[in-house]
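The numbers here are math on the coordinates, done by the rules we state, and not lab data. No experiment lies behind these values; they were computed from the predicted model shown. For neighbour counting, all protein chains shown are included, and Cβ atoms are generated from backbone atoms with ideal geometry for every residue, glycine included.
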Amino acid sequence: MNFQELKGKVALVTGGAQGIGRTLVESLATQGVKVAVVDYNEEQLNLQVNRLKEQGFDVFAFPANVGESKAIDAIVEQVENEIGPIEMLVNVAGVLSSGPIQTFSDQDWARTFSINTTGVFNVSRAVSRYMIPRKKGAIVTVGSNAASVPRISMAAYAASKAATVMFTKCLGLELAEHGIRCNIVSPGSTDTDMQRSLWTDDNGAEMMIKGMPDSFKVGIPLKKIAQPQNIVSAILFFLSDQSSHITMSNLVVDGGATLGAS
């Protein structure tokens, strides 16, 4: 898809060194967007950014943990001062810790919420402070279809994503008077390293598609796992002028796996 109106703008993308975030950064860069990429995996981040820079794209690396608000505030200030006004923010950074609730440690729970929920708060707060005086901007948060349907062994992840979805909707309501739109894209099973970490063998994708009655997991009606670009296309739509009258919306991209629940 081609979104010419994005060319020359500045976007900040968290979790941009791998998975959906990696594909998004590449797509934005090819649209002529200046992309500030935040990721805690400094090695993967530098590899991604250097590769794109060698191709002539305006991409910039900012290694950081989104759960650390002071680091995020400093990065946002640096981007604003050295690269340009941030008109687009995409919160992609996320972690998955799975297991029965009774086995979860305090650290597992805290880390999940620190990245998936507090991280979205930290980055959105920092960026929106600059967007508000300019009266424009688009914020997209990557949620999950797990936020709307209970999942066995995924309580922390599902709860953190549910909180993030509601936070983004509340943010959208508060920022609407300033012309800033806030929307959510909620993927289902997508072919990323995070998804593959849940698979126990080479038949993992097939199991996701068929469903697992023993764990009350419905299959995927469209009979396929999503590719990262499927999610990125939805994100680009929310960043573009094509969605100029849409805010506080949650677009579920899961092949029908949650049967329309959102």
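A few notes on this one:
- Dipole of the chain [Lys/Arg +1, Asp/Glu -1 at C-beta], most positive-end residue of 228, 18, 102: 228
- Note on residue 193 and residue 73: their simple-model spin labels are 3.1 nm apart, each label 7 Å out from Cα toward Cβ.
- Rounded to whole Å, sorted largest first: equivalent-ellipsoid semi-axes of the chain, Cα gyration tensor: 29, 19, 19
- Expressed as a fraction of 2.2 N^0.38 Å, the value expected for a compact globular protein of N residues, the C-alpha radius of gyration of segment 1-144 is 1.05.
- Using a Gaussian network model of the chain in which every pair of alpha carbons under 10 angstrom is joined by a spring, one finds that among 45, 28, 222 the greatest mean-square fluctuation is at 222.
- For segment 79-225, the share of alpha carbon pairs falling in successive 10 Å distance bins from zero is 11, 36, 30, 17, 7, 0 percent.
- Placing a label point 7 Å from the Cα of residue 135 along the Cα-to-Cβ direction, the residues of segment 63-92 whose backbone N falls under 20 Å of that point are 85-88.
- Potential lengthening of the chain between residue 151 and residue 222 amounts to 23.5 nm, from the contour at 0.36 nm per residue minus the alpha-carbon distance.
- Listed by Cβ neighbour count within 10 Å, with the fewest neighbours leading, 169, 210, 34 appear as 210, 169, 34.
- Listed pairs 161/210; 53/169; 70/169; 53/136; 53/135; 7/161 exceeding 26 Å between Cα atoms: 53/169; 53/136; 53/135; 7/161
- Each label point was placed 7 Å from the Cα along the Cα-to-Cβ direction; for residue 82 and residue 103 their separation is 4.3 nm.
- Tilt relative to the chain, helix 19-30 - C-alpha long axis, 0 to 90 degrees, to 10: 30 degrees
- Fully extending the segment from residue 5 to residue 55, taken as 0.36 nm per residue of separation minus the present Cα-Cα distance, adds 15.8 nm.
- Placed amide H near residue 87: partners under 5 Å, 5+ positions off or other chain: 10
- Helix 119-134 axis, angle to the chain major axis (alpha carbon atoms, nearest 10°): 30 degrees
- Fewest-first sequence of 157, 130 by Cβ atoms within 10 Å of each Cβ: 130, 157
- Ranked for footprinting exposure by Cβ neighbours inside 10 Å, fewest first, 209, 231 give 209, 231.
- Cα pair count fraction exceeding 20 Å, expressed as % - segment 1-74: 25 percent
- In segment 18-131, Cα pairs under 8 Å separated by at least six residues give a relative contact order of 26 percent.
- Across the chain, Cα pairs under 8 Å and at least six residues apart give a relative contact order of 18 percent.
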